[in-house]
Amino acid sequence: MVGHVDHGKTSLTRALTNKWTDTHSEEIKRGITIKIGYADTTFYKNEDGTAFATAMQAEKEPDKWKVSRHVSFLDAPGHETLMTTTIAASSLLDGAILVIAANEKCPQPQTEEHLMVLNVLGIKNIVVVQNKIDLVSKEKALENYRQIKEFLKGTKFEDAPIIPVSANYNANIDKLVEAIEKTIPTPKHDPELPARMYVARSFDVNKPGTEISKLKGGVIGGSLVQGKLRLGEEVEMLPGIWMKVKDKEIIEPIVLKIEGLMAGGEPVEEAKPGGLIGIATGLDPAITKADQLVGNIVGKKGTLPPVLSEVELEYSLLKREGIDNPPLKAGEPIVISAGTATAVGVITKLKGNSVTVKLKRPICAERKGKAALTRKIGQRWRLAGFGIIC
C-alpha cells in the first residue's frame, strides 16, 4: 500500500483487512505511518467467480462465498522523510496498490517517488485506487481521474486499473478486491531453492514486569522470498547483531533455532513464500526489541549472500522535474537500501557509472541484486537513483 502521505493508505488497509496498522504511540500521536504496518486477510469469491468480497463481507453471508486467496498487506509510510522504510517494504512485494486522493491534484511528491520505487525495484503489477471520492463532486472526481491517467501515461503502469473508492465508508471495496485478484497474480516459487527470509520487523513480546521464569524469546518477522522454513530447524541470520565493545563496532552472525512459526496469524509446521511470517526464537528479547534486527536475512547456514562492508554498484540517477540531482561526488554521504537493509555510507570511488560506497554498518545483500540510493538534496534526503550490486 503506497502513495502520498495522508491519502488514506492505512484507512484503505483497514477497509480490506479490518485491521488498523498504525499501532505505535508516535504514529497514533502524529496521525501518520512511520513503521511498516502489516495485515493479513482472506479474499472471497462467489461460486462462478463473478463477484468478490472481503472477509468482513463474507462473514455476513457465509453460504454465498468461498475462499479466493490469502493476502498479506504492507502499509508503507508516505512521508518523504520515511522513504527508506517504503523502499524496504517494496523489496517484499509481489504487487502494489497505489493510493491517490481525489481531493488533491495528481501527482503529489510522494505519489511520484513511490511509483519510481516500484519501477526501480521491478514491481510489475499495480492497482491504482482513487480514494476519498466522498469528499469531491462528480466533476472533480472525473478531473482527478484524467490527471491520474496523464500521470501514468508513458509508464509501464499506464494500463493499470483505476478503482474509485471511499475507504472510510467501505464504498466500492468489493470492486477493488476484484481488481486485486485479477491484476496481481500469485507468483510461482521454486520450493527447492535455499530458504531466504528478509527480516522486516523484530520485537519483544513480553509485557513490562514479566517474571524472569516466564520470559519468552524474541520474535522476528518478515517475508520468505524463496525456499521453505520448518519448525525446529536451525538457521543463520546475517549480518547478525551489531555491538560496540571498547569503542570497537562488532557484527556477530546469529545462529538460532526456529521455536515457533506463524503465517496468516496461525501457527504452522512449515512456511512457504507468500505472505508474512513470524519466527519465535530463543534469542534474548533485548536483542530483538524495537526492530533492532531489521535488515538481516535468514536462511540455512552456508547458503546466504555475502556480508558487505563495501558496496560497488552500477548505478543510474533519476531525472526529476523541479529537483536538481547533480552527479555523485567522492566523499558524499549516501544511503543504500537493499532488501530490507538500509545503511549509511560514504562514496569512496567513482568511475563512469560505477560507484563504491564504504558502509558504516555492513549489510547482507545478493550480488546482482537491486539497491536504491538516497542522498541529501538541499535540506532533505531524497530518492536519487538505483543500482545493481556488483
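The values are calculated or read from the model by the stated rules, or taken from the named source; none is laboratory data. Predicted, not measured: the structure shown is a model, and the values here were computed from it. Using ideal geometry, Cβ is built from the backbone for each residue, glycine included, and neighbour counts are taken over all protein chains shown.
Remarks
- All positions within region 205-260 that are among the aliphatic types (A, V, I, L, M) and assigned to a loop (DSSP other than H, G, I, E, B): Val205, Leu215, Leu231, Ile258
- Single match in Leu74, Leu118, Leu98, Leu82 (criterion: at pLDDT below 85, crowded, with 17+ Cβ neighbours inside 10 Å and not in a helix (DSSP H, G or I)): Leu74
- Total residues in region 36-50 satisfying the condition of being buried (at least 21 other Cβ atoms within 10 Å of the Cβ) and either part of a loop (DSSP other than H, G, I, E, B) or not assigned by TED's automatic domain parsing to the domain that holds Ala76 (or both): the figure is 1.
- Cβ-Cβ contacts under 7 Å between residues 6 or more apart (or on different chains), taken from a first residue in region 57-69 that is touching a residue at least 40 places away in the same chain (Cβ under 8 Å) to a second residue that is hydroxyl-bearing (Ser, Thr, Tyr) and not in a strand (DSSP E or B), are listed as Arg69/Thr186.
- Matching strands (runs of 3 or more DSSP E) fully within region 310-365 where at least 2 residues are in contact with a helix residue (DSSP H, G or I) (Cβ under 7 Å, 6 or more places away or on another chain): 333-338
- Which listed residue, of Glu249, Glu236, is in contact (Cβ under 8 Å) with a residue 24 or more places away in the chain, over 24 Å from the mean Cα position of the chain (by Cα) and in the same structural domain as Lys272 (by TED's automatic domain parsing): Glu249
- Residue that is modelled with the highest pLDDT [pool: residues in region 288-309 that are within 19 Å of Glu236 (Cα to Cα), among the small types (Gly, Ala, Ser) and not in a loop (DSSP other than H, G, I, E, B)]: Gly299
- Whenever a residue of region 318-346 is of a type outside the set (Lys, Arg), its partners that are surrounded by fewer than 11 Cβ atoms within 10 Å (Cβ to Cβ) and modelled with pLDDT of 90 or more, lying with C-beta atoms within less than 8 angstrom and at least six residues away or across chains, give the pairs Val346/Gly331.
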